[in-house]
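Just so it is clear, none of the values below were taken in a lab; they were calculated from the coordinates. Computed from a predicted structure; not experimentally measured. Because the Cβ atoms are built from the backbone with ideal geometry, glycine has one as well, and the counts that use them run over all protein chains shown.
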Amino acid sequence: MKVVQETISRYEEGLKVLDPFCGTGTTALCAVAEGHRATTIDINPFLTWLARAKTSAYCAKSLAETERAGLAALALARRRAIEPAPAPKIHKIERWWPETASRFLGYLKAAIVASTTNAQARDLLRVAFCRTLIKLSSAAFNHQSMSFKDDDPQGQLQIDVDTDAMFLNDVRFVLRGASDNPAGRAAVVQGDARDLPRLPDGDFDLVVTSPPYANRMSYIRELRPYMYWLGHLASARDAGELDWQAIGGTWGIATSRLNAWTSRNDRWLPDALRGIVAAIADDDNANGELLAAYVAKYCEDMSRHFDGLRTVLKPGARVHYIVGNSTFYGVLVPTEQLYAAMLRQYGFVDVAARPIRKRNSNKALFEFDVSAVWPEG
Ligand SMILES: C[S@@+](CC[C@H](N)C(=O)[O-])C[C@H]1O[C@@H](n2cnc3c(N)ncnc32)[C@H](O)[C@@H]1O
């Protein structure tokens with residue numbers, strides 16, 4: 001967030017800014033706050049919904065309606081005066097939420113829809129619902145694996161928290177954020193950055209983005225609780241499919257797809273990649289072949305993105321990719337150098353990779369700002 005803000009604040013206001021990897025919408029929010037117009041893209045429908053909710057302007061009427069409908073929804077849920085929404089079809093859901101929590105969430109989800117027809121109020125209440133559902137979850141997320149605070153196969157855990165007060169607090173928290181309207185409008189587009197969709201406000205002056213890193217982090221995996229409850233995912237297979245669509249995803253079915261993946265032999269892939277991929281694929285590395293394919297596919301995907309990017313930039317446009325490097329079996333994947341090579345090959349000039357900060361205790365891991373200019377004329 002800080003890096004994005006600092007990067008954008010270096011430019012005069014009034015630019016058309018693009019973030020092709022939206023996530024929760026940080027760049028778009030910073031850009032409109034600094035007086036620019038912003039367009040942002042993500043492949044994940046939950047994230048584009050959330051970014052839209054975060055970057056929308058809310059009138060006093062919608063805010064008042066959100067408060068009224070939130071109270072009405074709680075009253076409906078408490079009286080059970082409504083057909084509850086079914087709990088998501090998650091294998092062993094009782095490991096994620098105690099049965100009492102799932103039941104409360106089912107009633108609340110249905111009650112939100114029944115309590116208002118105002119689309120903005122529904123969105124804000126759903127954002128509050130997301131905050132509540134994650135607090136009620138027994139699943140604690142950390143980087144690579146999911147653990148459970150308690151394992152109760154019967155799902156009989158009692159919730160010793162006041163769920164009504166929790167949701168109400170979350171509604172008020174969301175309302176405080178929503179009443180601080182963004183200074184300008186952002187367009188949020190669901191699409192694939194490898195195949196840039198037709199974009200409103202094309203011909204961009206500035207790209208500031210934090211793309212997926214080549215580190216096997218799955219955004220879908222982390223976001224599953226919300227995505228299941230809001231209906232963006234119906235099954236584990238869906239989750240794996242979406243992760244396969246995302247750049248850098250290797251979770252669930254995405255792993256077996258990767259096993260079968262072969263390169264399109266993109267002529268633009270940097271030469272340096274060949275040695276890196278061969279070193280990772282070494283016979284001594286247990287999953288070497290798979291991870292070598294992972295890195296090669298990651299680069300091919302980013303190469304497709306850079307190729308398409310050229311078509312949506314104004315001459316003189318500047319781009320900033322905030323990205324971290326990674327290692328596999330001790331082999332360094334210098335993502336910043338690979339980006340720099342791809343950008344040069346596609347005709348960008350003034351290409352530079354500036355280290356910004358260390359990522360963690362691993363001495364080799366850094367984050368970089370890879371910047372470049374799309375040439376004039
Ligand atoms: C590092 S995150 C972005 C973080 C963001 N700066 C934020 O504020 O949350 C990378 C994002 O890229 C998205 N993504 C992955 N593959 C994509 C693709 N092919 N097209 C568009 N977005 C993609 C992921 O869903 C994820 O939200």
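Once the Cβ-Cβ distance of A60 and A352 is raised to the sixth power relative to R0 = 35 Å, the FRET efficiency obtained is 0.15.
Note the count of lysine pairs whose C-alpha atoms are less than 30 angstrom apart in the chain, limited to pairs 8 or more residues apart or on different chains. For the chain, qualifying lysine pairs total 28.
For the stretch 224-300, trypsin sites (Lys or Arg not before Pro) are listed when DSSP marks them as loop and at most 16 other Cβ atoms sit within 10 Å of their Cβ; the list is R264, R267.
In the chain, helical runs assigned H by DSSP with n ≥ 4 each contribute -39500 (n - 2.57); averaged across all residues and rounded to the nearest 500, the mean residue ellipticity at 222 nm is -14000 deg cm²/dmol.
Converting phi to 3J(HN,Hα) with the Karplus coefficients 6.51, -1.76 and 1.60 and the offset θ = phi - 60°, the stretch 344-350 yields 5, 4, 7, x, 5, 10, 6 Hz in sequence order, with x at every glycine or proline.
Residues whose amide H comes within less than 5 Å of that of Y58, counting only those at least five positions distant or on another chain, are absent (H built at 1.01 Å from N in the peptide plane). What FRET efficiency, computed as 1/(1 + (r/R0)^6) with R0 = 51 Å and r the Cβ-Cβ distance, is obtained for D283 and A187, rounded to the nearest 0.05? So the FRET efficiency works out to roughly 0.55. Take the convex hull of the alpha carbons in the stretch 13-84; its mean projected area over all directions comes to 6.5 nm².
Under 1.5 on a/c is rounded, so check that first for the chain, then, if it is not, pick prolate when a/b is larger than b/c and oblate when it is not; a ≥ b ≥ c are the square roots of the alpha carbon gyration tensor eigenvalues. Taking the square roots of the gyration eigenvalues as a ≥ b ≥ c, the chain is oblate. Spread over its residues, the convex hull of the C-alpha atoms of the stretch 210-288 is 124 Å³ per residue.
Over the stretch 282-345, the hull volume per residue, using the convex hull of the C-alpha atoms, is 82 Å³. Normalised radius of gyration (Cα atoms, divided by 2.2 N^0.38 Å) for the stretch 160-271: 1.45. Legend: translational diffusion of the stretch 311-351 by Stokes-Einstein, Rh = Kirkwood radius over C-alpha pairs, 37 °C, 0.692 mPa s; D = 278 µm²/s. Work out the FRET efficiency for K135 and K363 from their Cβ-Cβ distance, taking R0 = 35 Å, and round it to the nearest 0.05. With R0 = 35 Å, the Cβ-Cβ based efficiency is 0.45.
Look at R103, R52 and count the other Cβ atoms within 10 Å of each Cβ; fewest to most, that gives R103, R52. Full extension of the chain between T24 and H91 gives 21.4 nm of extra length, using 0.36 nm per residue less the Cα-Cα distance. Using C-alpha pairs below 8 Å separated by at least 6 residues, the relative contact order for the chain is 17 percent.
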